[in-house]
Structure formats: structure tokens, C-alpha cells
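What follows is a short report on a single structure.
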Amino acid sequence: MELVRGLSHLCERHKGCVATLGTFDGLHLGHQALIRDALACARRRSSRALMLSFEPMPREFLQPEDPPVRLTSLRERWRLLESMGLDALLLLRFNAALRELSGEQFIQLLHRQLRVAAVVIGHDFRFGRDGGAGAPQLEAAGRRLGFEVRVMTPVLSNMERVSSSAVREALAAGDFRAAHALLGRPYTMRGRVVGGERLGRQLGYPTANLRLLRRRAPVAGVFAVRVHGIPTGPMAGVASLGTRPTVGGKVPLLEAHVFDFAADLYGRELAIEFVAKIRDEVRFDTLDALVEQMHRDAHRAREILAA
């Protein structure tokens with residue numbers, strides 16, 4: 001799958017494609033249905049299937065002081081998309097110029113610059129200035145300009161409409177089973193292990209540290225986890241996601257301690273699978289009190305993962 005950053009990098013092979021449009025945060029079951037439909041439509045037409053998405057997410061640009069919780073970083077979306085069969089991800093930078101495009105101007109972008117053969121969207125997809133246009137306007141434009149528009153109905157899971165908002169709510173409540181049902185997979189965060197202050201090693205709990213690469217994470221606290229990306233296979237562990245107030249931390253960080261493992265993980269890309277929440281992050285008065293709680297957290301995580 002190709003990553004195409006911006007319209008200026010479009011090539012002739014990308015044009016005449018079947019495109020599915022949206023933010024696709026989380027790549028949940030509803031998004032996966034859109035992708036499958038775009039792939040099937042592309043096969044029927046002997047054309048390429050492309051996803052058109054945005055970075056940053058529109059609401060991150062529109063609400064910089066209160067950005068939405070983000071389910072997937074760009075790295076995480078890319079890794080998930082790699083196995084889904086699309087030919088390309090066209091990433092448009094969401095900025096003031098893109099924000100000011102009218103609905104008709106966005107349609108002309110699809111028609112003239114991408115020359116879409118077909119477009120696949122969710123029923124609630126909005127576009128154009130202030131989200132002023134939606135599926136009816138796109139369908140009318142398709143009839144006028146000669147491209148197919150396919151509008152997907154909502155996907156349900158346990159009688160609930162699958163949406164990024166529903167996933168965020170499940171994660172905020174610590175309900176990882178519900179999130180799994182909506183995503184079609186366990187919820188994970190992915191990143192490359194970076195160096196830290198080695199405080200965890202001094203306290204008896206060496207950690208693999210992952211930067212979040214998002215403005216706001218959907219979970220916070222201490223969790224039982226499985227760590228993927230280690231050569232020996234997925235391993236059990238305990239992880240903390242937060243600012244580390246006991247040691248004066250300011251920037252949120254995901255720290256994962258892998259049980260019964262001592263090898264170096266620096267530079268390796270890991271995926272941390274969240275299994276269950278153990279507790280919220282709190283500030284301790286002393287490091288000794290913190291270590292005592294870490295012992296309890298690790299014991300509880302082992303119990304949960306062994307069940």
C-alpha cells in the first residue's frame with residue numbers, strides 16, 4: 001500500500017480509482033465495511049482502491065484547545081491498513097485552506113484531481129465548509145458528473161451502532177470487551193521503544209517506553225496488558241499510561257513492564273494490547289509507597305492475564 005501525502009503527489013495510477021472517504025479514527029467494524037465495499041467495487045471495475053483521509057483529524061484542527069480523544073495515531077492506522085488490501089492511502093493535510101472549501105469545491109477535487117470512478121462513504125459523512133454537505137449532495141454530484149456514489153448503512157454490534165464515539169466511550173469506561181466487539185480486534189497502542197530516565201529499572205520494574213504521538217489518549221491509568229512485537233511472541237505485562245505525577249512528569253507516556261523478560265527492546269516497534277484496567281493514576285508521597293503499589297499492580301495483572 002502506498003502513502004500519498006497531498007494532491008501534488010498523485011500519479012496517473014491513482015486516478016480513476018474507487019475512493020472511500022473519512023477520518024477513519026480507530027478503523028472499527030464500520031470503517032472495515034467501507035473498505036471491503038470499496039475493494040469489491042474496485043475489483044468489479046478493474047481499478048484501484050484508495051482511502052482518502054485527513055491529518056490532523058478535522059476536530060483536532062478546529063478545537064486545538066480541546067482536541068478529541070484519538071483512538072489511532074497515523075502509525076497505528078497505517079499498520080492496520082497494511083493488511084486490508086487497499087492500494088493507497090491519500091492523506092490530505094487538514095488546514096485552513098481545506099477547511100474553507102465549499103461542498104462543491106470538495107466534489108470538484110474528487111472529480112477533477114482524483115477523477116474518481118466511484119466513492120464509498122458512511123451515511124453520516126460530512127464535508128465542505130462547516131460540514132455543510134453530506135451524502136445527498138455527493139449522490140447528486142455523482143449523477144451529474146458521472147461517478148458512482150455508494151452510501152453504507154450503519155454497522156451494528158450487539159444492537160449498537162458501531163462508531164468511533166462508541167469505542168471512545170467503551171475505553172473511557174475501561175470496558176475493553178465492548179471496545180473489542182466494536183473494533184473487531186483488541187484495542188492496542190503501537191510505537192517504537194524510546195529511552196527514558198531508567199527509573200523503572202532502579203525500582204525493579206524496567207519498562208518499555210512508548211510516546212503517544214497523539215494529543216489526547218483514550219485511556220489513562222494502570223492496566224494488565226499483552227505486549228506484541230517481542231521476538232518470542234506476545235508476553236504478559238503491566239502498563240501505566242499517564243504523566244507520572246509521583247516523579248514530577250508532565251508529558252503523557254505509555255510505560256510497559258514485560259513479565260519475566262530481560263532483553264533490550266530499545267528501537268523495537270511494539271503493540272500494547274489493553275486487557276483490563278487495574279486503577280487510575282495517582283500521586284504517591286514517596287517512591288517506597290509507589291513501589292509497594294507497583295508490586296500490587298503487577299500481582300493483579302498476573303491474576304487477570306492468567307484467568
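The values are calculated or read from the model by the stated rules, or taken from the named source; none is laboratory data. If you're wondering where the values come from, they're calculated on a predicted model, not measured in any experiment. Reconstructed Cβ throughout: ideal geometry from the backbone, glycine too, with neighbour counts over all protein chains shown. Only protein heavy atoms, including side chains, enter the accessible area calculation; ligands, DNA and RNA are left aside. Shrake-Rupley method; radii C 1.70, N 1.55, O 1.52, S 1.80 Å.
Taking the criterion of being touching a strand residue (DSSP E or B) at 6+ places or on another chain (Cβ under 8 Å) and either part of a helix (DSSP H, G or I) or under 20 Å from Ala135 (Cβ atoms) (or both), the residues of the stretch 44-60 that qualify are Arg45, Ala49, Leu50, Met51, Leu52, Ser53, Phe54. Among the residues of the stretch 1-22, those that are within 30 Å of Pro186 (Cβ to Cβ) and either open to solvent by 40 Å² or more (accessible area, probe 1.4 Å) or at pLDDT below 95 (or both) comprise Met1, Glu2, Leu3, Arg5. Would you please name the residue that is farthest from Ile107 (Cα to Cα), looking only at residues in the stretch 142-178 that are open to solvent by less than 80 Å² (accessible area, probe 1.4 Å) and of a type in the set (Ser, Thr, Tyr)? Result: Ser157. When Asp25, Asp87, Asp66 are checked against the criterion of being open to solvent by 10 Å² or more (accessible area, probe 1.4 Å), touching a residue at least 40 places away in the same chain (Cβ under 8 Å) and acidic (Asp, Glu), Asp87 stands alone in meeting it.
I'm trying to understand the selection: among the residues of the stretch 120-141, which are open to solvent by less than 60 Å² (accessible area, probe 1.4 Å), free of Cβ contacts under 8 Å to residues at least 24 places away in the same chain and not in a loop (DSSP other than H, G, I, E, B)? Matches in the stretch 120-141: Gly131, Ala135, Ala140. When Leu254 is tested against the conditions (1) closer than 22 Å to His28 by Cβ; (2) surrounded by 14 or more Cβ atoms within 10 Å (Cβ to Cβ); (3) in contact with a helix residue (DSSP H, G or I) (Cβ under 9 Å, 6 or more places away or on another chain); (4) not polar (S, T, N, Q), the lone failure is (3).
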